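K.L.:
The structure is given below, and queries will be raised subsequently.
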Amino acid sequence: MDLSLTPQESEFQRQVRRWLRRNVSRRSPAEEPGEYGNPKRIAELKQWQRKLYEAGYVAMGWPREYGGQSEPGGNRRDLLMRQTIVNEEMVKARAPSLIGVMGVQMVGPTLMQYGTEEQKRRFLPKILAGEQIWCQGYSEPGSGSDLASLTTRAEIAGDFFIVNGQKVWTSNAQFADWMFCLVRTDPTAPKHKGISYILIDMKSPGITVRPLVQMTGDKGFNEVFFEDVRVPRANLVGELNQGWQVANATLSHERNLLGSTTRTQQMFQGLLRLARTRRRGGKPVSADPAMRQRLADLAIRVESMKYHSYRQLTDLLHGRSPGIAASVNKLVSTELNHAICALALEVLGDYGMLERRSRHVADRGVWPYEFMFTLGLIIGGGTSQIQKNIIAERGLGLPRG
Ligand SMILES: Cc1cc2nc3c(=O)[nH]c(=O)nc-3n(C[C@H](O)[C@H](O)[C@H](O)COP(=O)(O)OP(=O)(O)OC[C@H]3O[C@@H](n4cnc5c(N)ncnc54)[C@H](O)[C@@H]3O)c2cc1C
């Protein structure tokens, strides 16, 4: 593992920093809670994604014919490094993240692997440019961890699937243009073998989206109801009844997405700043030996996480499969993010309970908000217990529990 940047990569890093300094406005740092309920903000974020894309900073490693920069037999390794640099610099610059992230990092790579040529040409360039926002229709009221038990039906009628059923916890469905969705196409087959992966236009007649309020106060996810929704058969990804395999490819991409370590590092830096500036008993909170011990413990976990992600990047650069690394990433970083927020609340003491609007609030109220939000990410994308099962069974070869 060589962690140093080449002179060309360092020059590229400086170039990205300059671009971000010019283009990230000081007044739009990081996410504002509830922004996805605001159509004006959604339009701004789509615009931001387009700008990043036009600058050449989105999904650089995708093939050129689908909107990326990779040439056949060419520069993929170099582009992967460059994309890593862009991602890290974006977090450091507190640039807004991609509104179309589920398209770029989840369904996009899945289509590249399993989609037809027509699907790739139709969807991939629009996903990159932020023109199409996607949501994930996996979970149902009775099917979360046991996803393969899902019951939303799709019956074939001529050139169409007719979809009936319900999804739940569907993030961003309130403004998504498309959904990648798991449906049961053969109810008589064993549960993993009767599922198909289809793409649904969210404007289709028969779809009702009902927002759900999270404990943060945001309406980030939804219930989605399907009543005789017609979906062209051309929107099937992979083979009929073989959707479980396709679904798992997307899940692996999702685990990597949720396991971003740059964000963890940034949160930890925020916690350190807080502990050094907040005072208790006439001294900075960070001067308390017990607190220092706990900060050191988190610092060690953050560093280990960082090196784990470098190891994963090294595997990618050498074309090796990262194995269960995506599950390790997801498990460790989501729990670590939550632990960082929990300690920040302790540093804040009673101030940690204040709402964002209070004039006494610290760091614009980000800590209590993130404490609640990061708890959700321990559950979303497969809970910690499920990641541990995957690591134990597929990674360590332990018997099924
Ligand atoms: C913020 C957030 C965003 C989400 N966004 C989406 C989305 O966009 N699209 C989507 O489809 N879904 C989404 N989800 C849903 C998410 O995927 C599910 O909540 C998750 O898979 C868990 O399913 P469940 O809620 O039904 O819990 P359950 O599966 O009922 O689990 C309940 C508890 O039992 C434990 N458990 C269950 N089975 C086992 C087992 N075999 N071994 C050990 N422990 C087990 C779980 O770990 C958990 O603690 C989101 C969830 C959250 C919190």
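K.L.:
Taking interchain pairs and intrachain pairs at least six residues apart, which have beta carbon atoms under 7 angstrom, with the first residue in the range 69-89 and in contact (Cβ under 8 Å) with a residue 40 or more places away in the chain and the second in a helix (DSSP H, G or I) and open to solvent by 60 Å² or more (accessible area, probe 1.4 Å)?
P.N.:
Filtered contacts from the range 69-89: LEU80/LEU316; GLU89/ARG17.
K.L.:
Taking the range 366-384 as the search range and keeping residues that are more than 13 Å from the chain's Cα centre (by Cα) and open to solvent by less than 20 Å² (accessible area, probe 1.4 Å), which one is nearest to the ligand (Cβ to nearest atom)?
P.N.:
Only one residue fits best here, namely SER384.
K.L.:
Kindly evaluate SER333 against the criterion of being more than 18 Å from GLN266 (Cα to Cα) and away from the ligand (no atom under 13 Å from the Cβ).
P.N.:
So SER333 fails the test.
K.L.:
Follow-up. For the range 345-365, give me each residue that is surrounded by fewer than 17 Cβ atoms within 10 Å (Cβ to Cβ) and either within 14 Å of the ligand (Cβ to nearest atom) or small (Gly, Ala, Ser) (or both).
P.N.:
Matches in the range 345-365: GLY349, SER358.
K.L.:
Go through (1) within 30 Å of MET81 (Cβ to Cβ); (2) modelled with pLDDT of 95 or more for ALA290 and report which single condition fails.
P.N.:
(1)
K.L.:
Does the range 272-279 include one or more residues that are assigned to a helix (DSSP H, G or I), among the β-branched types (Val, Ile, Thr) and over 25 Å from GLY381 (Cα atoms)?
P.N.:
Yes, the range 272-279 has at least one match.
K.L.:
Moving to a separate point now. Find all pairs meeting these conditions: Cβ atoms under 7 angstrom apart; at least six residues apart or on different chains; first residue within the range 378-401 and within 22 Å of ILE340 (Cβ to Cβ); second residue near the ligand (Cβ under 7 Å from one of its atoms) and outside any loop (DSSP other than H, G, I, E, B).
P.N.:
ILE378/SER384
K.L.:
Also, quick follow-up: State whether one or more residues within the range 112-128 are crowded, with 18+ Cβ neighbours inside 10 Å and touching a Ser or Thr at 6+ places or on another chain (Cβ under 9 Å).
P.N.:
no
K.L.:
Kindly establish whether ALA189 is out of contact with any Gly (no Cβ under 9 Å at 6 or more places or on another chain) and either crowded, with 21+ Cβ neighbours inside 10 Å or touching a residue at least 60 places away in the same chain (Cβ under 8 Å) (or both). Reasoning before the result, please.
P.N.:
Working: out of contact with any Gly (no Cβ under 9 Å at 6 or more places or on another chain): yes; either crowded, with 21+ Cβ neighbours inside 10 Å or touching a residue at least 60 places away in the same chain (Cβ under 8 Å) (or both): no.
No.
K.L.:
Return only the number of the condition from (1) under 19 Å from the mean Cα position of the chain (by Cα); (2) surrounded by 16 or more Cβ atoms within 10 Å (Cβ to Cβ); (3) away from the ligand (no atom under 16 Å from the Cβ); (4) assigned to a helix (DSSP H, G or I) that SER286 does not satisfy.
P.N.:
Of the numbered conditions (1) under 19 Å from the mean Cα position of the chain (by Cα); (2) surrounded by 16 or more Cβ atoms within 10 Å (Cβ to Cβ); (3) away from the ligand (no atom under 16 Å from the Cβ); (4) assigned to a helix (DSSP H, G or I), the odd one out for SER286 is (1).
K.L.:
Related question: Only one of these is of a type in the set (D, E, K, R), in contact with an Asp or Glu (Cβ under 8 Å, 6 or more places away or on another chain) and touching a residue at least 24 places away in the same chain (Cβ under 8 Å): ARG280, ARG294. Name it.
P.N.:
Answer to the check: ARG280.
K.L.:
Take the residues in the range 162-183 that are open to solvent by 20 Å² or more (accessible area, probe 1.4 Å) and over 19 Å from the mean Cα position of the chain (by Cα); name whichever of them is farthest from the ligand (Cβ to nearest atom).
P.N.:
ILE162
K.L.:
Considering (1) in contact (Cβ under 8 Å) with a residue 40 or more places away in the chain; (2) within 13 Å of the ligand (Cβ to nearest atom), say which one ASP146 fails and leave the rest.
P.N.:
The failed condition is (1).
K.L.:
For the range 62-75, name all the residues that are surrounded by fewer than 20 Cβ atoms within 10 Å (Cβ to Cβ) and either within 19 Å of the chain's Cα centre (by Cα) or basic (Lys, Arg) (or both).
P.N.:
ARG64
K.L.:
Failed condition for GLN136, given (1) crowded, with 22+ Cβ neighbours inside 10 Å; (2) more than 12 Å from the ligand (Cβ to nearest atom), with all others met?
P.N.:
(2)
The values are calculated or read from the model by the stated rules, or taken from the named source; none is laboratory data. Remember, predicted model here, so these are calculated numbers, not experimental data. FYI the Cβ positions are ideal-geometry reconstructions off the backbone, even for glycines, and counts take in every protein chain you see. Note: areas computed on protein heavy atoms with side chains; ligands, DNA, RNA excluded. Shrake-Rupley method; radii C 1.70, N 1.55, O 1.52, S 1.80 Å.
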